[in-house]
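This report concerns only the one structure given below.
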Amino acid sequence: MNRVRLDAPPVSTTRQWKALSRAMTRQLLRDPAALFFTVVFPLLMAVFFVVLMQLTWVRGPFELAVVGPGTQATALQEALGGGSTAVAVAEAGPQPGKAALIVPDAASRTLRMAVDPEQPSVVAAVRAALDDTPWQGWEVAAVGSDGSALFDPMAFVIPGVLAFALLSLALTGTASALVAMRASGTLRLLSTTPARRPAVLLSLIPGRGLLALAVLALMGTGAVAGGLLEPASMLRLLLTTAIGLVMLLALGYLLGGLLSSPEVTNAISGLLTPVLLMSTGLLFPLELLPDSVAGPLSWTPLAMFGDALRHDVVGGITRHALWLDWTVMAATAAGLTALAARTFRWDTERA
């Protein structure tokens, strides 16, 4: 008699990965530390900076010079109000004591402003007043009176806060989670299941990607409402964020694969986060450092992530071409991924 062998039907690898992804996503959403440092704290930081800028931002009155007939200067003065003054001048040139020199360019429908670097808020004031002037619907192009780019605190802070959220997601939400799973034996147990090891590790990504997308949507909506981001720039910003997220998650996997103690991991994350944010120009302008220090720091991958984000923010000051930022970030992501794959440990006993 021939024996009939009954084997369990093969389980779809895709189905396994989806089940693992759902489990890892639930675990992430139930982690209060990851949610706080990835979503709540960055948003609180953004609100804090907005309030701080509102309290400390110079609101005028401003003294302006306008190249052109006196009627234009008078119209601008009336639109600005609040004691601001605008005088007509015959030609462009240095205007000591003035917050800005305005040169209307009818051909391009642009107001070109040479602004006192100490009074950059005059640009926002002029933009807000345009609807009540002969230049309704015109663009405003502003540079410092010394030829430098104008520093806009909010255009600087928003990319930094977004990068901080993604860095927290990589360190607190990924590295710490992996170390805790290894310490509890969960990783070793998962490695013995039919699911392939790469599928287990990749199952962490969907939940973190969705959380990063939610943070980007919240901050992007606020930036659009505040005039700091053009809706048309969102697609490119999404690509920049995706590359940056892959780079930072690779760092999270690397640390999560090397470290053994959850306590040590949290301590390292707590120390590493402010050091990286301050030394790479994300929350501290590199322009305030000597060129001999700021130059090399601007080439670090995290600094180039912030630089890439500022390319899409209205008023953002950048140091490198966007393609160069993307190239360095992608190369770093590839290098960290390869290193993480070689050094990752599934239990606490084997290296």
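Of all the listed residues (Ala142, Ala86), the sole one being within 28 Å of the chain's Cα centre (by Cα) and either within 16 Å of Val314 (Cα to Cα) or surrounded by 16 or more Cβ atoms within 10 Å (Cβ to Cβ) (or both) is Ala142. Scanning the stretch 193-234 for residues that are within 19 Å of Leu251 (Cβ to Cβ) and part of a loop (DSSP other than H, G, I, E, B) gives Ser203, Leu204.
Among the residues of the stretch 60-75, is there at least one that is free of Cβ contacts under 8 Å to residues at least 40 places away in the same chain, over 25 Å from Pro153 (Cβ atoms), of a type outside the set (A, V, I, L, M) and touching a Phe, Trp or Tyr at 6+ places or on another chain (Cβ under 8 Å)? No, the stretch 60-75 contains no residue that is free of Cβ contacts under 8 Å to residues at least 40 places away in the same chain, over 25 Å from Pro153 (Cβ atoms), of a type outside the set (A, V, I, L, M) and touching a Phe, Trp or Tyr at 6+ places or on another chain (Cβ under 8 Å).
Suppose the filter is more than 14 Å from the chain's Cα centre (by Cα), in a helix (DSSP H, G or I), surrounded by fewer than 21 Cβ atoms within 10 Å (Cβ to Cβ) and of a type in the set (A, V, I, L, M, F, W, C); does Val179 pass it? Judged against the criteria, Val179 is not a match.
Filter the stretch 287-319 for residues that are free of Cβ contacts under 8 Å to residues at least 24 places away in the same chain and under 22 Å from Ser121 (Cβ atoms); which is surrounded by the most Cβ atoms within 10 Å (Cβ to Cβ)? Of everything passing the filter in the stretch 287-319, Thr318 is surrounded by the most Cβ atoms within 10 Å (Cβ to Cβ). A search for C-beta distances below 8 Å between a residue of the stretch 127-149 that is closer than 23 Å to Ala79 by Cα and at pLDDT below 90 and any residue that is of a type in the set (Val, Ile, Thr) and not in a strand (DSSP E or B), counting only pairs 6+ apart in sequence or on different chains, returns Val140/Val123; Val140/Val126; Ala142/Val123.
What helices (runs of 4 or more DSSP H), lying completely within the stretch 240-351, carry at least 2 residues that are closer than 25 Å to Leu213 by Cα?
Numbers: elements: 262-279, 291-297, 301-310, 322-343.
The helices (runs of 4 or more DSSP H) meeting that bar are 262-279, 301-310, 322-343.
Residue under question is Val103, and the condition is that it be of a type in the set (A, V, I, L, M), assigned by TED's automatic domain parsing to the domain that holds Thr265 and free of Cβ contacts under 8 Å to residues at least 40 places away in the same chain; does it hold? Judged against the criteria, Val103 is not a match. The residues listed here are Thr337, Thr348; of these, the one that is assigned by TED's automatic domain parsing to the domain that holds Thr280, over 30 Å from Phe151 (Cβ atoms) and either surrounded by 17 or more Cβ atoms within 10 Å (Cβ to Cβ) or in contact (Cβ under 8 Å) with a residue 40 or more places away in the chain (or both) is Thr337. Given the structure, is Leu187 at pLDDT below 90, part of a loop (DSSP other than H, G, I, E, B) and of a type in the set (A, V, I, L, M)? The answer is no for Leu187. Taking (1) modelled with pLDDT of 90 or more; (2) out of contact with any Gly (no Cβ under 7 Å at 6 or more places or on another chain); (3) within 15 Å of His320 (Cα to Cα) in turn, Ile243 satisfies each apart from (3). Looking at Ala170, Ala225, just one residue is in contact (Cβ under 8 Å) with a residue 60 or more places away in the chain, among the hydrophobic types (A, V, I, L, M, F, W, C) and in the same structural domain as Pro285 (by TED's automatic domain parsing), and that residue is Ala170.
Conditions tested, residue by residue: (1) in the same structural domain as Gly173 (by TED's automatic domain parsing); (2) surrounded by fewer than 22 Cβ atoms within 10 Å (Cβ to Cβ); (3) within 22 Å of Trp346 (Cβ to Cβ).
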site	(1), (2), (3)
Leu235	yes, yes, no
Leu239	yes, yes, no
Ile243	yes, yes, no
Met247	yes, no, no
Gly252	yes, no, yes
Gly256	yes, no, yes
Ala267	yes, yes, no
Thr273	yes, yes, no
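Here Ala199 meets the list (1) over 30 Å from Phe305 (Cβ atoms); (2) surrounded by fewer than 20 Cβ atoms within 10 Å (Cβ to Cβ); (3) out of contact with any strand residue (DSSP E or B) (no Cβ under 8 Å at 6 or more places or on another chain); (4) aliphatic (A, V, I, L, M) almost entirely, failing just condition (1).
The values are calculated or read from the model by the stated rules, or taken from the named source; none is laboratory data. The model shown is predicted, which means the values in this text are computed figures rather than measured ones. Here the Cβ is made from the backbone with ideal geometry for all residues, glycine too, and neighbour counts use every protein chain on show.
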